[in-house]
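In what follows, a structure is listed as structure tokens, so that the remarks can point back to it.
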Amino acid sequence: MRDRLRLAVPNKGRLVEPTLALLHDTGLVFEEHDRSLVARVQNFDLDILFVRTSDVVEFVGDGVADLGITGQDLLAETGSALPVTRALGYGRCRLAIAVPGDSPFQAAEDLAGLRVATAHPNAAHAYFRDHEIPVEVIALSGAVEVAPRLGLAEAIVDLVSTGSTLAMNGLRLIGDVLASEAVLVANRTASAARADDVAALDTMIGAVIAARGRKYVMMNAPAARLDELESLLPGLESPSVIPLAHRGMIAIHSVVGADDIWGLLPRLKAAGASGILVLPIEKIVP
Ligand code: AMP
């Protein structure tokens, strides 16, 4: 058994920056030398291997790496049964079916007997087979969105996040093959043999992801309004209430959903809170 855990991560493409940000946010200390193949983590027995996004699944499957970060779309494409340890909340996209805006097709079923170009041939093939829609899947390695214009195919299956690339190419969505986000995957043997290290890394990653969706809110208030304010603040468990030097006044601390802040502050103010502070949270371990 190796003495250091190995994590394979993408070295190019959209998942690189958010993956490095996540790993740095967990508190792992490492330097990337122009994304050379390996970065040695200084404060945990871990080596980070930078490989092509599409190769992450193979590295983990073969046991060359114990863990990996990749897109669910790539797991589906390789047909891998690697266990997903955790969804990471970034790299969100969908593998979708699109056709030229002026074509008559409105749904996947309308494509029976036609050609579909894609860089995800296995996932596309599985979708049309499962839905019993006979199509010819044409595998391309890139520039899939121009295939209909070039007369190569009547439709495409491609990754979409905002849809702006599709719109720029005059394409219209007619269906979804799958939804995807970045995930942490683990090699089964490695996870069993190094359960403690794998759990430690997963806990730290989970702590960062949990914190990203939440804010720490502090405020002062008259003690008499506590019930009203507490009903607005579910917190992780219940809010902390601290008496202030000024009699009859309290400080309330709580953790709230980052998306709720917008609607919450005016209501807290209306319920008597003052001096409201909203702070970022680095990590949450429930
Ligand atoms: P790429 O940067 O093209 O190498 O894509 C790497 C991975 O990023 C894909 O396999 C997806 O999991 C993910 N991804 C997230 N958003 C998108 C998007 N809008 N288009 C393509 N891939 C995306």
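The values are calculated or read from the model by the stated rules, or taken from the named source; none is laboratory data. From a predicted model like this one, the values you see are computed outputs, not experimental measurements. Please note: Cβ atoms are built from the backbone with ideal geometry, for glycine as well, and neighbour counts cover all protein chains shown. Side chains are part of the model used for accessible areas, which takes the heavy atoms of the whole protein and leaves out ligands, DNA and RNA. Shrake-Rupley method; radii C 1.70, N 1.55, O 1.52, S 1.80 Å.
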Query raised in the report: Of (1) within 16 Å of the ligand (Cβ to nearest atom); (2) open to solvent by 50 Å² or more (accessible area, probe 1.4 Å), Pro243 satisfies all except one. Which?
Result: (1)
Report summary line: Residues of segment 1-50 being within 21 Å of Arg194 (Cα to Cα) and acidic (Asp, Glu), in sequence order, are Asp3, Asp45, Asp47
**Report entry** In segment 73-100, the residues that are part of a loop (DSSP other than H, G, I, E, B), within 12 Å of the ligand (Cβ to nearest atom) and among the hydrophobic types (A, V, I, L, M, F, W, C)
**Finding:** Leu88
Query raised in the report: What about Val16, is it more than 20 Å from the chain's Cα centre (by Cα), farther than 25 Å from Asp176 by Cβ and either of a type in the set (A, V, I, L, M, F, W, C) or within 16 Å of the ligand (Cβ to nearest atom) (or both)?
Result: no
Report task. Could you please find all residues in segment 59-72 being within 14 Å of the ligand (Cβ to nearest atom) and either open to solvent by less than 10 Å² (accessible area, probe 1.4 Å) or over 19 Å from the mean Cα position of the chain (by Cα) (or both)? Result -> Gly68, Ile69, Thr70, Gly71
Requested in this report: Restricting attention to segment 188-203, report how many residues are among the basic types (Lys, Arg), within 30 Å of Leu159 (Cα to Cα) and buried (at least 21 other Cβ atoms within 10 Å of the Cβ).
Outcome: 0
Requested in this report: Scan (1) open to solvent by 70 Å² or more (accessible area, probe 1.4 Å); (2) within 16 Å of the ligand (Cβ to nearest atom) for the single condition Thr118 breaks and write down its number.
Outcome: (1)
**Report entry** Ala126 vs. criteria without any contact (Cβ under 8 Å) to a residue 40 or more places away in the chain and away from the ligand (no atom under 12 Å from the Cβ)
**Finding:** no
Query raised in the report: Just checking, which of Val29, Val41, Val56, Val84 is closer than 23 Å to Gly206 by Cβ and touching a Pro at 6+ places or on another chain (Cβ under 7 Å)?
Result: Val56
Requested in this report: Could you tell me whether any residue of segment 37-49 is in contact with a strand residue (DSSP E or B) (Cβ under 6 Å, 6 or more places away or on another chain), open to solvent by less than 10 Å² (accessible area, probe 1.4 Å) and within 16 Å of the ligand (Cβ to nearest atom)?
Outcome: no
Requested in this report: Return the total of residues in segment 246-282 being open to solvent by less than 60 Å² (accessible area, probe 1.4 Å) and part of a loop (DSSP other than H, G, I, E, B).
Outcome: 5
Report task. Find all pairs meeting these conditions: Cβ atoms under 8 angstrom apart; at least six residues apart or on different chains; first residue within segment 1-15 and over 20 Å from Asn43 (Cα atoms) and in a strand (DSSP E or B); second residue open to solvent by less than 40 Å² (accessible area, probe 1.4 Å) and within 6 Å of the ligand (Cβ to nearest atom). Result -> Pro10/Thr53
Query raised in the report: Taking into account only those residues within segment 144-187 that are part of a helix (DSSP H, G or I) and open to solvent by 50 Å² or more (accessible area, probe 1.4 Å), which is nearest to the ligand (Cβ to nearest atom)?
Result: Thr165
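For every residue, the table says whether it meets (1) modelled with pLDDT of 95 or more; (2) among the β-branched types (Val, Ile, Thr); (3) assigned to a strand (DSSP E or B).
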site: Gly113; (1), (2), (3): yes, no, no
site: Ala126; (1), (2), (3): yes, no, no
site: Glu132; (1), (2), (3): yes, no, no
site: Val137; (1), (2), (3): yes, yes, yes
site: Ser141; (1), (2), (3): no, no, no
